[in-house]
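Structure in structure tokens, see below.
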Amino acid sequence: MFKKILKLVGGVLLILIAVQTYNTLRYAPQKTAIAAIEMPAVNENDVANRLGEAIRMQTISTATDMGERGPQFQQFVDWLVTTYPNANAAMTRVMVGGLTPVYRWQGSDPALKPILLTAHYDVVPVAESGVDSWPHGPFSGAVAEGFVWGRGALDDKSAVVAIMEAIEDLSKSGFTPKRTVYLSFGHDEEIGGQDGAASAVAYFKDNNIRMAWSLDEGSMILKDVIGGLETPVASINVAEKGYVSLDIIARAEGGHSSLPPRDTAVSTLAKAVVNLQSAPVPGGLNGVSREFFEGLGPHFSLVKRVLFANMWLYRPVLEMVLSGSPATDAMMRTTKAPTMLVGSAKDNVLPQEAIATVNFRIHPRDSIQSVIDHTRKMIDNPAIEIKVRDGFGNEPSAVSDKDGAGFKALSTTFQQVFGDLIVVPGLTVAATDSVHYSQVSDDSYRINPFVFTGEDIKRLHGRNERISVEGMGQAVQFYSALIRNSAG
Ligand SMILES: [Zn+2]
């Protein structure tokens, strides 16, 4: 009897090993032939100097000066006209929301649905305390040590400049698009895009203009960012997380703190927050999250490849490992972060109300309502009120087609310009203007053609923001090739 069981177990193990080996061998990087495209000669030093000029105009968005824009914004918009005469002659332009230019480059074939290339030219402020540590001033636009320095070098004036440079060169060379190309350069992305991108979308809707696809920031080419991968990764993000903050409110009788009840509003609230944080929002490797990791999987070393190739068996193990780091955990689920607390205004007064604010970034599989339901269930106290803070939230975006024409054009262009890289569909975990643009686009993709290392990611909204001169040259080639691939 024992021998029989041993034989059976041995047989099952052998089959398991055979299946896993087969899956792993089949799970190799796919090489598809990419047609070559002629790259325009780009004078990257001239491009870098022009980006420097763009950076010197201090188009800063702060939450307090909404609607009160400095003259530097108008100056930037005018600068686009004088700096790119051929592009401006080839296209028509309307201003929306006051300071957001929307360009149209008319295509010769009206049967083709237009595409939209976007970027924003406002930047975040620079922390006063850190200014001295910049080797070149944050608005110097200095070109030095092979880099262009300053706010907007990565986020996102570099994209505005690269798009305009590409169109300037293309129009000068006599290229005319078959497919209409729209451009929109938002002036308030950093504070939600309610004037800029939202007005552009209203303009498109009013004129019955719908895009085959749109391209905005939201990701980049990641080099040495994902452990175990030497090849850079172009994560073309096909979706964007939603956003909501919930106020969790505990109430109690007020009074003097010398005669307190067993629980005050603060301690009741504290228990609620602890309960809420006792388990993450359910998530895991399915949908866009799974496609992202499955796309990377074949490029990992053998052990990891065995795990990813046999997701049917190792999914729980992988999910456990990936949820160990905030970056990969955020790819798999809705995240929650308690960020604010309010109690009594005085130390010896019992609070009648205590409020905790929790910020959620909503995965495309969830919704604002499902987040509220999750919160209510976790807190498990009907006396506690849960309400959407400021009555404001963004649902997560739809998930765009990773097999669509736009994704294919982007994927091809990345490989033509940057050579060997891994292209995967990804998820933007923060919020961008695509919240707006996706309303008028069949598919929305989110990535800038810049190579980022882990160190560069810290420079975003941080200190020493810079882009390499070479990287700017490549970005111009990218947009040029993209327009020719998709509208030529
Ligand atoms: Zn940005």
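The values are calculated or read from the model by the stated rules, or taken from the named source; none is laboratory data. The structure displayed is predicted, hence computed values, not measured ones. Quick reminder, even Gly has a Cβ in these numbers, built from the backbone with ideal geometry, and neighbours come from all protein chains shown.
All but one of (1) of a type outside the set (Lys, Arg); (2) touching a helix residue (DSSP H, G or I) at 6+ places or on another chain (Cβ under 8 Å); (3) buried (at least 19 other Cβ atoms within 10 Å of the Cβ) hold for ASP329, so report the exception by its number.
Against the list (1) of a type outside the set (Lys, Arg); (2) touching a helix residue (DSSP H, G or I) at 6+ places or on another chain (Cβ under 8 Å); (3) buried (at least 19 other Cβ atoms within 10 Å of the Cβ), ASP329 comes up short only on (3).
Kindly list the number of the only condition in (1) among the charged types (D, E, K, R); (2) at pLDDT 95 or above; (3) assigned to a loop (DSSP other than H, G, I, E, B) that fails for ARG463.
In the conditions (1) among the charged types (D, E, K, R); (2) at pLDDT 95 or above; (3) assigned to a loop (DSSP other than H, G, I, E, B), ARG463 misses (2) alone.
Using beta carbons and a limit of 7 Å, which pairs, at least six apart or on different chains, have the first residue in the stretch 188-201 and under 15 Å from ASP156 (Cα atoms) and touching a residue at least 24 places away in the same chain (Cβ under 8 Å) and the second one among the polar types (S, T, N, Q) and more than 11 Å from the ligand (Cβ to nearest atom)?
Going by the 7 Å Cβ cut-off, the qualifying pairs are ASP188/GLN194; GLY196/THR100; ALA197/SER184.
In the stretch 110-149, what residues are within 16 Å of the ligand (Cβ to nearest atom) and outside any loop (DSSP other than H, G, I, E, B)?
Listed by number, the residues that qualify are LEU117, THR118, ALA119, HIS120, VAL123.
For ALA409, only one of the following conditions fails: (1) closer than 24 Å to THR328 by Cα; (2) assigned to a helix (DSSP H, G or I); (3) touching a residue at least 24 places away in the same chain (Cβ under 8 Å). What is its number?
The number of the failed condition is (1).
May I ask you to say which residue of VAL469, VAL451, VAL399, VAL417 is away from the ligand (no atom under 16 Å from the Cβ), under 23 Å from PRO298 (Cβ atoms) and in the same structural domain as SER61 (by TED's automatic domain parsing)?
Selected residue: VAL451, the only one of VAL469, VAL451, VAL399, VAL417 that is away from the ligand (no atom under 16 Å from the Cβ), under 23 Å from PRO298 (Cβ atoms) and in the same structural domain as SER61 (by TED's automatic domain parsing).
Here are SER199, SER214, SER219: which of them is touching a strand residue (DSSP E or B) at 6+ places or on another chain (Cβ under 9 Å), surrounded by 20 or more Cβ atoms within 10 Å (Cβ to Cβ) and assigned to a helix (DSSP H, G or I)?
The conditions single out SER199.
Out of everything in the stretch 150-179 that is within 17 Å of SER486 (Cβ to Cβ) and among the polar types (S, T, N, Q), what residue ends up being nearest to the ligand (Cβ to nearest atom)?
Residue satisfying both the conditions and the ranking: SER171.
With the requirement that a residue be within 15 Å of the ligand (Cβ to nearest atom) and not in a helix (DSSP H, G or I), what does the stretch 180-193 give you?
Correct list: SER184, PHE185, GLY186, HIS187, ASP188, GLY192, GLY193.
Read through the list (1) outside the structural domain of LYS377 (by TED's automatic domain parsing); (2) of a type in the set (Val, Ile, Thr); (3) closer than 13 Å to HIS363 by Cβ, then give the number of the only condition that VAL233 fails.
Only one criterion in (1) outside the structural domain of LYS377 (by TED's automatic domain parsing); (2) of a type in the set (Val, Ile, Thr); (3) closer than 13 Å to HIS363 by Cβ is unmet by VAL233, namely (3).
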